[in-house]
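Taken together, the values in this text are just the output of simple stated rules run on the coordinates, not laboratory data. Since the structure is predicted, the reported quantities are computational estimates derived from the model, not experimental observations. All Cβ positions, glycine included, derive from the backbone under ideal geometry; neighbour counts span all protein chains shown.
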Amino acid sequence: MTAERARITIFDTTLRDGEQSPGCSMNQEEKLRLAHQLDRLGVDVIEAGFPIASDGDFESVKAIAAAIRRPIIAGLARACRPDIERAWEALRHAARPRIHVFLATSDIHLQYKLRITRDQCLAQARDAVRFAKSLCEDVEFSPEDATRTDPDFLCSVLDAVVEAGATTLNIPDTVGYTIPSEYADLITTIRQRVKGIENVTISAHCHNDLGMAVANALAGVGAGVRQVECTINGIGERAGNASLEEIVMAMRVRPDRYAYETGVIGAQIFAASQMLSEITGVPVQPNKAITGRNAFAHEAGIHQDGVLKNPLTYEIMTPQSVGVPDSKLVLGKHSGRHALGIRCEQLGYTFDRRALDDIYRRFVRLADKIKHVEDHHLLELIRDTHKPSGSATPLIEPIATAQAAVVSAPAANVPAASAEPPEPPRPFPTAPQTNAFGVPLPAHSDPHHEQTQQEDYLWGV
Ligand code: KIV
Ligand code: ZN
């Protein structure tokens, strides 16, 4: 019997906190397009914007609230009447509106930014939540900079806002300062000390300044958090927010440690990531977990060989599970014969061992010069290695025996006893004669590239 898994609410703030990252601002049409994708992705809450911030933000939140009806639509407001009224104005026609009120609680913010006392802070938070509650049933409160707030004072503020009607308490690590064990302890303290906490949802909102946003959020979940605030590709203020895809997939790949479930449709993750990148023009870091272009790419020959034999050797989740069409074998100097042969087959060329050896020798030399051997390079290499003799522009001396060894896919299917004349070998690709990078293709027989032990090793995989 499998143990019951707790359901974690995924609160996506790509359109609010994410949009606050440099270069990531979006117009109304773009926000609406992304909001539809977030809906397809299955997030539970979309924080659509900060309506008081600008007319554009107000209109975007309003449009999203009107168009997207399944998830909760949240709008951010500082702890004051004009902000809350503006947020409500934008959200009031949503199927499931939420007002998200925030006020800093750390001494450093109170003293230098807000210039108010702790007592004033507590009263302002309570009054703001009470006012928001008079407009909207669903009210979230965030004590900004919670992780640098005196825990006693934090608990007093949380007591007050729960009493005033907050239904979600979000605990922001605004400056990405905490560490997992400390964040878990803070959640435990809140659960032990705040009155009425059993009737509200505790939420994690972690920034990534020390690269621990996801680890902190997950530690919070372990301590009783049941909503996680996150963004696609981890975008957000400064170093960003906890990444949605990393949180969700950590739970999916390690249910033994994170026995939680979310409503996220994994197969929509990559599309969401790509859409965000396309809209903002901000590329995804290549080695970004889950959504980076190298997340399912294998270049080392040993890895490629393993993945071809069984993807589980080097992949802990399938590319399809997050909507990536397929894992990518990157052909570079670390690649082995096995991967090269497979790629040739994908391009329509099947070689016997000897012919593949010829290609492989020259491939390794080329890969030494250019980092990645793309398909067009490979096609050129195949063409040159097996160039019909008599070519007017021989780049490389043709090999008489190798050409005969090429087995084209269609020819291989011709029955031996057929009365028909055998199908001629597949013509070599008609790619341009010169290398796109102006890099000369390696000579076929090069004394400096005799088979070495290392090569033997790679060839074996
Ligand atoms: O990081 C933060 O403190 C915030 C709050 C507004 C929730 O984004
Ligand atoms: Zn934030």
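For Lys371, go through the aspartates and glutamates and keep the ones whose alpha-carbon is under 19 Å away, minus same-chain ones fewer than eight residues off.
Glu299, Glu380, Glu455
Amide H of Asp173: which non-local residues (sequence gap of 5 or more, or other chain) have their own amide H closer than 5 Å, using H built in the peptide plane?
Distant-sequence amide H within range of Asp173: His205, Cys206, His207.
Once phi is turned into θ = phi - 60°, what whole-Hz ³J(HN,Hα) does the Karplus curve with 6.51, -1.76 and 1.60 give for every residue of segment 304-317, x standing for Gly and Pro?
Here the 3J(HN,Hα) series is 4, 4, x, 5, 5, 6, 7, x, 5, 4, 10, 10, 8, 8 Hz.
With the Cα gyration tensor of segment 176-280 giving a ≥ b ≥ c as the square roots of its eigenvalues, does the rule (a/c under 1.5 for rounded; else a/b larger than b/c for prolate; else oblate) give rounded, prolate or oblate? Display every interim value, and only then the final one.
On the way: a/c = 2.04, a/b = 1.54, b/c = 1.32.
Since a/c reaches 1.5 and a/b is larger than b/c, the shape of segment 176-280 is classed as prolate.
For segment 49-131, run through the chymotrypsin sites (Phe, Trp or Tyr not before Pro) and keep only the ones in DSSP coil with at most 12 other Cβ atoms within 10 Å of their Cβ.
Listed in order of number, the matching sites amount to none.
Check the straight Cα-Cα distances from Lys133 and name the lysines below 30 Å, setting aside those fewer than 8 residues away within the same chain.
Cα-Cα hits under 30 Å: Lys31, Lys62, Lys113, Lys195.
Which peptide among 228-239, 66-77, 364-375 comes first, and what is the full order, when sorted by highest mean count of other Cβ atoms within 10 Å?
Packing order, densest peptide first, comes out as 228-239, 66-77, 364-375.
Looking at segment 104-178, which GluC sites (Glu not before Pro) are in a loop (DSSP not H, G, I, E or B) and have at most 16 other Cβ atoms within 10 Å?
Here the sparse-neighbourhood loop sites are Glu137.
Just check segment 230-328 against the gyration tensor rule for me: Cα atoms, a ≥ b ≥ c as the square roots of the eigenvalues, rounded for a/c under 1.5, and otherwise prolate or oblate depending on whether a/b exceeds b/c.
Oblate, since a/c reaches 1.5 and b/c is not below a/b.
Explain nothing, just compute: Karplus ³J(HN,Hα) = 6.51 cos²θ - 1.76 cosθ + 1.60, θ = phi - 60°, for every residue of segment 72-77 in order, whole Hz, x for Gly and Pro.
Per-residue couplings from phi come out as 5, 10, 10, x, 8, 8 Hz.
Extending each Cα 7 Å along its Cβ direction at Ser54 and Ala95, get the distance between those two points in nm, one decimal.
Inter-label distance under the simple model: 2.9 nm.
Go through segment 369-383 residue by residue and turn each phi into a ³J(HN,Hα) via Karplus (6.51, -1.76, 1.60, θ = phi - 60°); whole Hz please, and just put x for glycine and proline.
Each residue's phi maps through the Karplus curve to give 8, 10, 5, 10, 8, 7, 4, 5, 5, 5, 4, 5, 5, 4, 4 Hz.
Quick query: amide H of Ala104 versus all other amide H atoms, modeled in the peptide plane; which residues come in under 5 Å with a sequence gap of 5 or more or a different chain?
Glu144
In terms of modelled amide H atoms, which long-range or inter-chain residues lie less than 5 Å from the amide H of Lys333?
When sequence neighbours closer than 5 places are left aside, there are no close amide H contacts.
At what distance in angstrom do the alpha carbon centres of segment 97-123 and segment 310-388 lie from each other?
58
Give the lysines whose C-alpha is closer than 16 Å to that of Lys288, dropping any in the same chain fewer than 8 places away, or say none.
Lys328
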